[in-house]
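What follows is calculated from the coordinates using simple rules that are stated; it is not laboratory data. Since the structure is predicted, the reported quantities are computational estimates derived from the model, not experimental observations. A quick note on method: Cβ atoms are made from the backbone with ideal geometry, for glycine too, and the neighbour counts reach across all protein chains shown.
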Protein chains: 2
Amino acid sequence: MSGHKTTRLVEVRTKILKENDVAARALRQRFEDEGVFVVSLVSSPGAGKTMFLEQTLLRLRERYRVAALVGDLATENDAQRLARAGVPIRQICTGTVCHLEADMVRTALRDVDTAKLDFLFIENVGNLVCPASYDLGEALRLVLFSVTEGEDKPLKYPTIFNTADICVLTKMDLADVVEFDHASALNSVQAVRPGMQVLDVSAKSGVGMDAWIETLCGRAAR
Amino acid sequence: MSGHKTTRLVEVRTKILKENDVAARALRQRFEDEGVFVVSLVSSPGAGKTMFLEQTLLRLRERYRVAALVGDLATENDAQRLARAGVPIRQICTGTVCHLEADMVRTALRDVDTAKLDFLFIENVGNLVCPASYDLGEALRLVLFSVTEGEDKPLKYPTIFNTADICVLTKMDLADVVEFDHASALNSVQAVRPGMQVLDVSAKSGVGMDAWIETLCGRAAR
């Protein structure tokens, strides 16, 4: 890549990120003023974000007012799956864009009265790279990675682990069959982000879900 | 995103893609002239590209001269793993760039005599979105997706399936335990890319690897 072109790309990208930060700051202020706790989820494609979110919504909806936005390049599959949880869901189709941006969130919420919510979840496009750079105004960002993906994912995709608040190890029900090395995975997380909280869950078996809900409610109550 | 900014981004992106295409065309011509068959691999993070590649290299190295380039944001883990196959391996660290570009491949091959190779493999960064847009001069592009990721990945990430030549379903040894719906996955592939060849493999158990090697050698002999 030529130096000139790189400079131009960096300039445009910097401008976009700056505008995204401004939009995200406005969203964050709005969410704080309204008292809605906003959680975003990032991971590889297929790490189990949607099932984790579905099980989270099912556990919260009895006690809280919850809703979710889900991002994908194409299809409304996730919104349809999540609709089974019986809470308001909206799909954001990004076309060829590999991540959500604050402005997409703002637009998707245009006619949603978020002040009436306790929790709003935002499921990003499945991508361990690009979403890292885009603040969405969330109060809490989860990075999920599944036991089937390999213990060194945090080392290979450090930026996204650095921008997240909590790491959720998903599909723990498969840990034995894939010979998952839990200590090695924790070491990878700690090497990239010392002190990061790690939660082990299986949305399928339910293991770890109560501890996650407790953690979530504790964070929201701060 | 404002109209002006979008236009500017599209302009810069178009220019970069055009320059990438020029670089990729030159690479493709070089590889054809030299008689080396170049295969690239794209997938989500953790879909099993590296183990699949390792097992492929092990099977080819007795009969052919093979080498590989592996892309990651950070770490040389994959190059170290692949080195066990006893063939020349080079790691490309992309930093924060979410995909390989033709020029990165050209640079990595600067002092490699590719004319002395029969096969060169290029493992892209784990990302089901961005690598789709970047031609690397390869003769064959594989898109891998694992049975743990969910049957609808092709529908959700159509572009990458559209730019690939063969779909490889990985981790077939886990199909039963995750209740993988094979017919549904095939339908997803066919919906996005009618007629696309799909290979079922488990690099771990070895199932499907011989059929893959046969397909590969058949394609290279065309």
With the condition kept exactly as written, say whether any residue in segment A:124-139 is of a type in the set (S, T, Y), within 30 Å of A:D176 (Cβ to Cβ) and in contact with a Leu (Cβ under 9 Å, 6 or more places away or on another chain).
no
Picked from segment A:45-59 (must be crowded, with 24+ Cβ neighbours inside 10 Å and aliphatic (A, V, I, L, M)), the residue nearest to the other protein chains (Cβ to nearest Cβ) is A:A47
Which residue out of B:V42, B:V12 is under 16 Å from B:I122 (Cα atoms), aliphatic (A, V, I, L, M) and surrounded by 15 or more Cβ atoms within 10 Å (Cβ to Cβ)?
B:V42
Name the residues in segment A:60-74 that are among the hydrophobic types (A, V, I, L, M, F, W, C) and within 14 Å of chain B (Cβ to nearest Cβ), would you?
A:V70, A:L73, A:A74
Can you list the helices (runs of 4 or more DSSP H) found entirely within segment B:1-106 that contain at least 3 residues being in contact (Cβ under 8 Å) with a residue 40 or more places away in the chain?
B:3-34, B:49-60
Elements of type helices (runs of 4 or more DSSP H) in segment A:148-222, at least 1 residues being closer than 21 Å to A:F121 by Cα, touching a residue at least 12 places away in the same chain (Cβ under 8 Å) and in contact with a helix residue (DSSP H, G or I) (Cβ under 7 Å, 6 or more places away or on another chain):
A:158-163, A:209-221
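This table checks each residue for (1) surrounded by fewer than 18 Cβ atoms within 10 Å (Cβ to Cβ); (2) over 23 Å from A:V38 (Cβ atoms); (3) among the polar types (S, T, N, Q).
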position	(1), (2), (3)
A:L142	no, no, no
A:T163	yes, no, yes
A:V168	no, no, no
A:A183	yes, yes, no
A:R193	no, no, no
A:M209	no, no, no
Exactly one condition in (1) farther than 19 Å from A:E138 by Cβ; (2) in contact with a Gly (Cβ under 8 Å, 6 or more places away or on another chain) is not met by A:L100; state its number.
(1)
Test B:V97 against the criterion of being aliphatic (A, V, I, L, M), within 30 Å of B:V189 (Cβ to Cβ) and surrounded by 19 or more Cβ atoms within 10 Å (Cβ to Cβ), and give yes or no.
no
Would it be correct to say that A:T107 is within 14 Å of chain B (Cβ to nearest Cβ), farther than 21 Å from A:S202 by Cα and surrounded by fewer than 24 Cβ atoms within 10 Å (Cβ to Cβ)?
yes
More than 13 Å from the chain's Cα centre (by Cα) and not in a strand (DSSP E or B): is that true of B:G137 in this structure?
no
